[in-house]
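Data block below; observations after.
The values are calculated or read from the model by the stated rules, or taken from the named source; none is laboratory data. The structure displayed is predicted, hence computed values, not measured ones. Here Cβ is always computed from backbone atoms with ideal geometry, including for glycine, and neighbour counts include all displayed protein chains.
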Amino acid sequence: MSYNPEIPRNRYDNYEDREWTRLEKDGHGELLYHVHLDILKRYISQDNKVLEIGAGSGRYTKDLVKMCDELTVGDISTHQIEFNKSKMKELSLFDQVKLFCVVDVLDMGEFEDASFDCIVCIGGVINYLLDKEKDGINEMLRVLKPGGILIVGAMSFIGASLYYLDGIRYEKDQFGLEATKWIFNTGVQDEEHYPVLSKHYVHMMRSSEMDALFADFPVTVKERSSAGLYTQAGDTALENARQDKEFWELVIEKEIAFTKLPGTLDCGMNLIYVVEKDK
Ligand SMILES: C[S@@+](CC[C@H](N)C(=O)[O-])C[C@H]1O[C@@H](n2cnc3c(N)ncnc32)[C@H](O)[C@@H]1O
């Protein structure tokens, strides 16, 4: 199946406020948020010009805008951009964002080559690109300055399969064992092989695939992280942990630390790669 921009556009145009609440409504969202935020804080500096692509409703926009000199916010979904704008207005941050634009990561012609010191593309944009993954990386590297930092976050297949194992078993009865083998072998949930009713067609990645993807480009991988590792403890354990404030703080600290260990890389719900474009 090839990339179809209508799939992410339709999904996120009809997402109401779920993108805004996603990272605070439960323990899983909080874990993701803290791991990503820690990485953003360590790689972005106050003098940076930053592009946040696939920004969604602005959960990270509100933080990024305070971390850098100039922030440009892009997303393929008009709804997400409008929602993001209204949230930034509510938070009195609107005027600090240089530009909001509806744009596909595959075609960012409005930006000149080497325009940004850092590009943040987290929360799974890359998963929707299917046969256009390399084109997406290529386009982001085009608008990134030499020596600039690209931060890419993706849904992790192995992590998702651990967490949603029972769902995969249920879907085996709908789609058959061959489809189940397909999803385990490729991480690709597509119309031909794994026709989920939601039409949420994505390529969930494993770290070996992220490594292979970046190996074709003039970049150095600076950091690999998982995120949502303790999500695997299950919803009940996570919610209990969250109710115990001092314990939860410790869990978040350990989530940030343990997600950097090579042995846990594929086990979280997300994978995050930080790469530097060669000078
Ligand atoms: C799960 S949300 C993540 C939002 C935010 N980055 C976060 O991590 O909370 C994914 C976002 O990527 C956007 N998106 C998906 N494909 C895209 C593409 N090809 N170009 C630009 N944005 C895209 C969607 O519209 C959606 O807002």
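Checked against the criterion of being under 19 Å from F116 (Cβ atoms), at pLDDT 95 or above, more than 11 Å from the ligand (Cβ to nearest atom) and not in a helix (DSSP H, G or I), segment 28-43 has no qualifying residue.
Looking only at segment 138-150, residues that are within 16 Å of the ligand (Cβ to nearest atom) and either of a type in the set (K, R) or surrounded by fewer than 23 Cβ atoms within 10 Å (Cβ to Cβ) (or both) come to 5 in all.
Just for segment 14-27: of the residues that are surrounded by fewer than 15 Cβ atoms within 10 Å (Cβ to Cβ) and of a type in the set (D, E, K, R), which one is nearest to the ligand (Cβ to nearest atom)? Looking at residues that are surrounded by fewer than 15 Cβ atoms within 10 Å (Cβ to Cβ) and of a type in the set (D, E, K, R), I get R18. On the basis of being under 18 Å from the mean Cα position of the chain (by Cα), small (G, A, S) and more than 12 Å from the ligand (Cβ to nearest atom), does G58 make the cut? No, not satisfied. Only one entry of K87, K49, K62, K25 meets the criterion of being over 22 Å from V221 (Cβ atoms), in contact with a strand residue (DSSP E or B) (Cβ under 6 Å, 6 or more places away or on another chain) and of a type in the set (K, R), and that entry is K49.
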